[in-house]
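The values are calculated or read from the model by the stated rules, or taken from the named source; none is laboratory data. Worth saying up front: this structure is predicted, and the values here are computed from it rather than measured. Neighbour counts are summed over all protein chains in view; Cβ atoms, including those assigned to glycine, are modelled from backbone coordinates with ideal geometry. Just the protein is used for accessible areas: all its heavy atoms, side chains included, with ligands, DNA and RNA removed. Shrake-Rupley method; radii C 1.70, N 1.55, O 1.52, S 1.80 Å.
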Amino acid sequence: MNTRTRRAAMAAVVTAAAVTLAACGSAKESGRQSDGSRSPKKSDSLKIGLLLPENQTARYEKFDKPLIEKRVKELTDGKADVRYANAKQDATVQNQQVDTMITNKVDVLVLDAVDSKAIAGAVRKAKEADIPVVAYDRLAEGPIDAYTSFDNEEVGRVQGKALVAALGDKPKDGRVVMMNGSVTDPNAALFKAGAHEELDGKVTIGREFDTKEWKPENANSNMESAITALGKGEIIGVYSANDGMAGGIIQALKAAGVSPLPPVTGQDAELAGVQRIVAGEQYMSVYKPYAPEADAAAEMAVALARGEKLDTLTQDTVDSPTTKGVPSVLVPVVALTKDNIKDTVLKDGVYSVAEICTAKYRADCDKLGLTD
C-alpha cells in the first residue's frame with residue numbers, strides 16, 4: 001500500500017469514527033437511543049414543569065397544583081422539583097412560559113392549555129427539545145405524548161340529564177338558556193355536545209351563548225341579555241357549563257326579580273357552588289374527583305421523564321386535531337346535588353362541614369343534616 005493509499009484509508013477511518021462519535025453525541029444530547037426512544041433516566045432528581053391556565057376557577061390553585069406536587073414527591077422520594085407557573089388566562093403568556101421551561105431544561109411538561117390551538121407551536125418546540133408533554137385536563141394540540149382529563153362529553157350529558165330531570169313536566173311551558181364555556185377551550189365544545197344530546201328534543205332552547213374566557217361577569221351579561229330577549233317569566237331552566245358562570249347567572253336572575261329561581265346547572269363543585277346548592281339557588285354541579293386526574297398526570301409525567309413506556313398507566317387513547325392515538329386516562333364524574341353532598345365532597349375530604357356551613361348557610365345545612 002503506497003503512502004497516498006494509506007493516507008486515504010486513515011482519512012476514511014477517522015471520518016467514520018467522527019461520524020459515529022457525532023451520532024453518539026447527538027443521541028446523547030437529544031436524550032434518544034438509537035431506536036428513537038428516550039434514554040432511561042433512573043434518577044429521582046427530575047425537573048417537572050407544571051403550567052396551569054388560570055386562577056379565577058378555584059380548582060387549579062386549591063386542588064390541581066398541590067395534588068400533582070404531592071404525587072410527584074411520592075413517586076420520586078421527594079427528590080423531584082416541580083416548577084410551576086399560571087398563565088392567568090393569557091395564551092401569549094403561556095407560550096412564553098413553555099419557552100422558559102424549555103430554557104430551564106425540564107425533563108417533562110404537564111400542560112393545561114389556555115388555548116388548545118395557540119399552544120400547538122410551543123408544544124412542537126418542547127418536542128424538538130426532547131421534552132415530553134402531558135396534556136392535562138384540556139386536550140392541547142401539537143405532538144403531545146399523553147393526556148388525562150374527565151370524559152368531557154359525559155360531563156355535558158350528566159348536566160343535561162340533571163336539568164331535564166329537574167324540569168319534570170315543565171319543558172313544554174318555557175325556554176332554557178344555554179351558557180357554554182369559552183370557544184378557546186376544547187373541553188367546552190365537548191361539554192356542549194354532551195349537553196345537547198340530552199336537551200335537544202326535550203326542551204326548547206331560547207338562547208345559547210359561548211362565554212368569553214369562562215368569566216362569571218360575562219355569563220352575567222349574557223344572562224341579562226337572555227332575560228331581556230325572552231322575558232323573565234319564560235325562562236324555566238339554565239344550562240351553565242360551570243359553577244363560576246352559574247354564580248353570575250344567578251345574580252342576573254335575582255337582579256331581574258326572578259322568583260323562584262329556575263334550576264341552574266354547574267361544574268367543578270366549587271365551594272361557592274356547593275353552598276348555593278345547599279341554599280337551593282343552584283340545582284346541581286358536576287363533581288370531578290381531582291385526585292385521580294392529578295395522580296394520573298403525575299404518574300405519566302414521571303414515567304415519561306424517566307424514559308419509561310405508558311402501557312401500564314393508560315387504558316384509553318384519544319385523537320386531537322393534530323395527533324392521533326394519544327395514550328390517555330379518562331376519569332369518571334358524578335352529578336352533585338343536595339342529596340349526595342355527604343357522599344362526595346365531604347366523604348372525599350374536599351371540604352369540611354365547617355367550610356360549607358358558614359353562618360349564612362347554617363340553617364340550610366341543618367335541613368340537609370350536614371353536621372360536624
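Suppose R0 equals 25 Å; then what is the FRET efficiency for ALA279 and LYS172 from their Cβ-Cβ distance, rounded to the nearest 0.05?
Taking R0 as 25 Å, the efficiency between ALA279 and LYS172 is 0.30.
Among 179-187, 213-221, 71-79, what's the highest-first ranking by average C-beta atoms within 10 angstrom per residue?
Order by mean packing, descending: 179-187, 213-221, 71-79.
By how many degrees, 0 to 90 and rounded to 10, does the Cα axis of helix 152-167 deviate from the longest principal axis of the chain?
0
Please find the FRET efficiency linking LYS125 to THR92, where r is the Cβ-Cβ separation and R0 is fixed at 22 Å, and quote it to the nearest 0.05. Could you put the intermediate results ahead of the total?
On the way: r = 15 Å, r/R0 = 0.66.
That pair, LYS125 with THR92, gives E of 0.90.
Arrange the peptides 200-209, 46-55 so that the one whose residues have, on average, the most other Cβ atoms within 10 Å appears first.
Taking the mean over residues of other Cβ atoms within 10 Å, the ranking is 46-55, 200-209.
Sorted by accessible area with a 1.4 angstrom probe, largest first, how do GLU281, GLU224 fall?
Numbers: GLU281 50, GLU224 95 Å².
Greatest to least solvent exposure: GLU224, GLU281.
Mind listing the phi-derived Karplus ³J(HN,Hα) values for the stretch 109-126, rounded to whole Hz, using 6.51, -1.76 and 1.60 with θ = phi - 60°, and x for any glycine or proline?
Here the 3J(HN,Hα) series is 10, 9, 10, 10, 6, 5, 9, 5, 7, 5, 8, 4, x, 5, 4, 5, 4, 4 Hz.
Over the stretch 223-372, with every protein chain in place, what whole percent of the accessible area is carbon and sulfur at 1.4 Å, could you tell me?
50
Taking R0 as 22 Å, what's the FRET efficiency between SER225 and LYS202 from their Cβ-Cβ distance, rounded to 0.05?
Computed FRET efficiency for SER225 and LYS202: 0.35.
Would you kindly find the accessible area of VAL353, with a 1.4 Å probe and non-protein molecules such as ligands, DNA and RNA excluded, rounding to the nearest 10 Å²?
Using a 1.4 Å probe on the heavy atoms, I get roughly 20 Å².
Per residue of the stretch 201-212, in order, report the coupling 6.51 cos²θ - 1.76 cosθ + 1.60 (Karplus, θ = phi - 60°) as ³J(HN,Hα) in whole Hz, putting x for Gly and Pro.
x, 10, 9, 9, 8, x, 8, 9, 10, 9, 8, 4
Could you work out how much longer the chain between VAL258 and LYS73 gets when fully extended? Use 0.36 nm per residue separation minus the Cα distance between them, nm to one decimal.
61.6 nm
Can I get the semi-axes of the stretch 316-372's equivalent ellipsoid? Compute them from the C-alpha gyration tensor as square roots of 5 times the eigenvalues, in angstrom, largest first. Please report the intermediate quantities before stating the final value.
Numbers: eigenvalues 292, 21, 19 Å².
That gives 38, 10, 10 Å for the three semi-axes.
Nearest 5 is fine: what % of DSSP beta bridges in the chain come out antiparallel, could you say? Walk me through the intermediate numbers first.
Details: 7 of 39 bridges.
About 20 percent, rounded to the nearest 5.
Compute the long axis of helix 186-199 from its Cα atoms, compare it with the longest principal axis of the Cα atoms of the chain, and write down the angle in degrees, 0 to 90, nearest 10.
Long axis of 186-199 versus the principal axis of the chain: about 40 degrees.
What does the accessible area per residue of the stretch 228-372 come to in Å², with a 1.4 Å probe and no ligands, DNA or RNA counted? All intermediate terms of the calculation are to be shown ahead of the outcome.
Details: 6090 Å² over 145 residues.
That works out to 42 Å² for each residue.
For the stretch 269-372, rounded, prolate or oblate, judged on the Cα gyration tensor with a ≥ b ≥ c (square roots of eigenvalues), a/c < 1.5 rounded, else prolate if a/b > b/c?
prolate
Using 0.36 nm per residue of separation minus the Cα-Cα distance, give me the extension gain between ALA165 and LYS62 in nm, one decimal. Before the final figure, lay out each step's value.
Details: separation 103, 0.36 × 103 = 37.08 nm, distance 3.15 nm.
Stretched out fully, the ALA165 to LYS62 stretch lengthens by 33.9 nm.
Would you mind checking the tilt of helix 216-230 against the longest principal axis of the Cα atoms of the chain, expressed as 0 to 90 degrees and rounded to 10?
Tilt of helix 216-230: around 40 degrees.
Taking each pair of distinct Cα atoms in the stretch 98-241 once, what is the resulting Kirkwood hydrodynamic radius in Å?
Kirkwood hydrodynamic radius for the stretch 98-241: 16.9 Å.
Quick check on the chain: helices-only [θ] at 222 nm, where DSSP H runs of length 4 and up contribute -39,500 (n - 2.57) each and the sum goes over total residues. Nearest 500, please.
Calculated mean residue ellipticity at 222 nm is -13000 deg cm²/dmol.
Report the full-extension gain for the segment ALA272 to ASP99: residue separation times 0.36 nm, less the Cα-Cα distance, to one decimal in nm.
58.7 nm
I need the phi-derived Karplus couplings for the stretch 278-294: 6.51 cos²θ - 1.76 cosθ + 1.60, θ = phi - 60°, integer Hz, Gly and Pro marked x.
The phi angles translate into 4, 7, x, 8, 10, 6, 7, 9, 9, 8, 10, x, 6, 4, x, 5, 5 Hz.
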